[in-house]
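Read the structure below first, then the notes.
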Amino acid sequence: MYRNIVVLTGAGISAESGIRTFRDQDGLWEQHHIEDVATPEGYAKDIALVERFYNNRWTQLHSGEVCENLAHIALAKLEAEFEGNLLVITQNVDDLHERAGSRRLLHMHGELSKGRCPKSLQTFILREPFGPENCCTCCIPAMRLRPHIVWFGEMPFGMDRIHDALDRCDLFIAIGTSGTVYPAAGFVDSANHHGAQTVEVNLVAPDRHSQFQYHFTGKAGDIMPQLVDNILQGKTIGSESISS
Ligand code: OAD
């Protein structure tokens with residue numbers, strides 16, 4: 001029976017909802033240079049290019065064509081029914097966890113649905129895509145909102161809360177993340193160090209360097225419903241096999 005669970009999600013959990021990952025075949029980083037669209041320097045050089053990159057993704061998210069999938073729904077069920085502590089940390093900037101009903105959620109890389117005043121750092125819900133007219137209401141003169149996204153070279157959000165949760169978790173589950181971007185890639189080490197069971201759910205089998213103790217290979221939407229049901233029934237990982 002677990003008491004403190006931390007879940008880390010990455011782009012793979014939203015793949016079955018039709019949102020492209022970054023590093024898989026056809027991933028976003030195959031068609032865009034990270035330094036152009038995901039760094040403060042890229043934004044300073046060409047605001048319109050960066051806004052177009054995030055606006056395309058914002059438009060997809062608000063098109064009515066994407067919705068939460070079984071893996072997001074399973075995590076929302078875990079939050080609703082688990083009697084211990086749970087924190088879902090997502091690297092994703094979409095809002096599919098919220099749409100499924102998750103509330104104990106931390107967007108460590110920011111949120112596509114928000115813009116941020118570069119001066120006051122206040123965030124605003126984006127009712128329309130970015131553009132010169134999309135400005136803050138906190139400054140005079142009003143400032144052009146920047147994407148509320150953590151770019152390379154910037155500090156992710158909520159690191160103190162994340163480290164507190166990792167220090168006391170007894171189960172750490174990483175779902176659909178390639179483990180290539182720090183600090184998120186180091187969370188498994190931290191959880192191992194504090195004696196937690198560490199579990200990876202990924203479409204591809206782990207390599208021999210994996211730090212995770214347990215692996216479930218397959219689609220998150222196939223694996224998570226049963227994994228969550230097992231946890232809610234008080235079973236520990238390893239006592240039950242899960243097939244995808
Ligand atoms: P990646 O694109 O690096 O990795 C996606 C992972 O999901 C891969 O390991 C896939 O094997 C796995 N995957 C794909 N489909 C899946 C499915 N249906 N079920 C389970 N697993 C699946 O995405 P992230 O690890 O999230 O940061 O990338 C981390 C960060 O790098 C992102 O937050 C973003 C990016 O640069 C910023 O933009 C700051």
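The values are calculated or read from the model by the stated rules, or taken from the named source; none is laboratory data. Keep in mind it's a predicted model, so treat the numbers as computed, not measured. For neighbour counting, all protein chains shown are included, and Cβ atoms are generated from backbone atoms with ideal geometry for every residue, glycine included. Accessible surface is based on the protein model in full, side chains and every heavy atom, while ligands, DNA and RNA are left aside. Shrake-Rupley method; radii C 1.70, N 1.55, O 1.52, S 1.80 Å.
The spacing between region 79-154 and region 178-244, judged by their C-alpha centroids, is 27 Å. Measuring max minus min along each principal axis, the C-alpha atoms of region 48-159 give extents of 48, 32, 26 Å (largest first). Report, to the nearest 10°, how far helix 159-168 tilts away from the longest principal axis of the Cα atoms in the chain, using its own Cα long axis and a range of 0 to 90°. That works out to roughly 0 degrees.
For region 10-25, backbone phi angles converted through the Karplus equation (6.51, -1.76, 1.60; θ = phi - 60°) give residue-by-residue couplings of x, 4, x, 6, 9, 4, 6, 8, x, 9, 6, 7, 8, 10, 6, 4 Hz, Gly and Pro being listed as x. Using θ = phi - 60° in the Karplus curve 6.51 cos²θ - 1.76 cosθ + 1.60, the 3J(HN,Hα) couplings for region 132-143 round to x, 7, 8, 10, 6, 10, 9, 10, 10, x, 4, 9 Hz; x is entered for Gly and Pro. Contact order for the chain, expressed relative to its length and based on alpha carbon pairs under 8 Å spaced 6+ residues apart, stands at 23 percent. Comparing Cys67, Cys169, Cys139 in a Gaussian network model of the chain where C-alpha atoms under 10 Å apart are linked, the largest mean-square fluctuation is found at Cys139. For region 1-92, the C-alpha radius of gyration divided by 2.2 N^0.38 Å, with N the number of residues, is 1.35. Just the number, please: percent antiparallel of the DSSP beta bridges in the chain, rounded to the nearest 5. Counting DSSP beta bridges with both partners in the chain, the antiparallel share is about 25 percent.
Amide H contacts under 5 Å for Gly110: Val150, Phe157, restricted to partners 5 or more places along the chain or on a different chain, H placed in the peptide plane at 1.01 Å from N. With the convex hull of the Cα atoms taken as the outline of region 100-150, the averaged projected area works out to 4.2 nm². With all protein chains kept in place, the per residue accessible area of the chain amounts to 49 square angstrom at a probe of 1.4 angstrom. Extension gain, Cys138 to Arg52: 0.36 nm times the residue separation minus the Cα-Cα distance gives 28.5 nm. Computed over neighbours whose Cβ is under 12 Å from that of Gly218, the net charge equals -2, Lys and Arg +1, Asp and Glu -1. Amide H to amide H distances under 5 Å link Gln122 with Cys117, where only residues 5 or more positions off or on other chains count and H is placed in the peptide plane. The 1.4 Å probe gives accessible areas that order Arg52, Arg57, largest first, as Arg52, Arg57. Return the lysines within reach of Lys77: Cα separation strictly under 21 angstrom, same-chain partners fewer than 8 residues apart disregarded; answer none if there are no such residues. Within reach: Lys219, Lys235. Compute the acute angle (0 to 90°) between the alpha-carbon long axis of helix 70-81 and the principal axis of greatest extent of the alpha-carbon atoms of the chain; round to the nearest 10°. Roughly 70 degrees between the two axes.
Taking a label point 7 Å from the Cα of Gln213 along the Cα→Cβ vector, which residues of region 176-203 have an amide N closer than 14 Å to it? Residues 188-200 qualify, since their backbone N sits under 14 Å from the label point. Residue by residue, region 191-203 carries 3J(HN,Hα) couplings of 5, 4, 4, 8, x, 7, 7, 10, 10, 10, 10, 8, 4 Hz when phi is fed to the Karplus relation 6.51 cos²θ - 1.76 cosθ + 1.60 (θ = phi - 60°); x denotes Gly or Pro.
Using a cut-off of under 11 Å, list every residue of region 141-184 whose amide N is near the label point 7 Å from the Cα of Thr123 along the Cα-to-beta-carbon line. Within reach of a label on Thr123: 148-150, 157-158. In summary, region 96-244 shows an alpha-carbon radius of gyration equal to 1.28 times the 2.2 N^0.38 Å reference for compact globular proteins. Just the protein heavy atoms count here, and of the accessible area of region 111-196 at 1.4 Å, carbon and sulfur take up 55 percent. Computed over region 73-132, the convex hull of the alpha-carbon atoms projects to a mean area of 5.1 nm². Charge tally around Thr198: other residues with Cβ under 11 Å, Lys/Arg +1 each, Asp/Glu -1 each, net -3. Treating the angle as unsigned and between 0 and 90°, give the value, to the nearest 10°, between the Cα long axis of helix 47-61 and the longest Cα principal axis of the chain. The helix 47-61 is inclined about 50 degrees to the chain.
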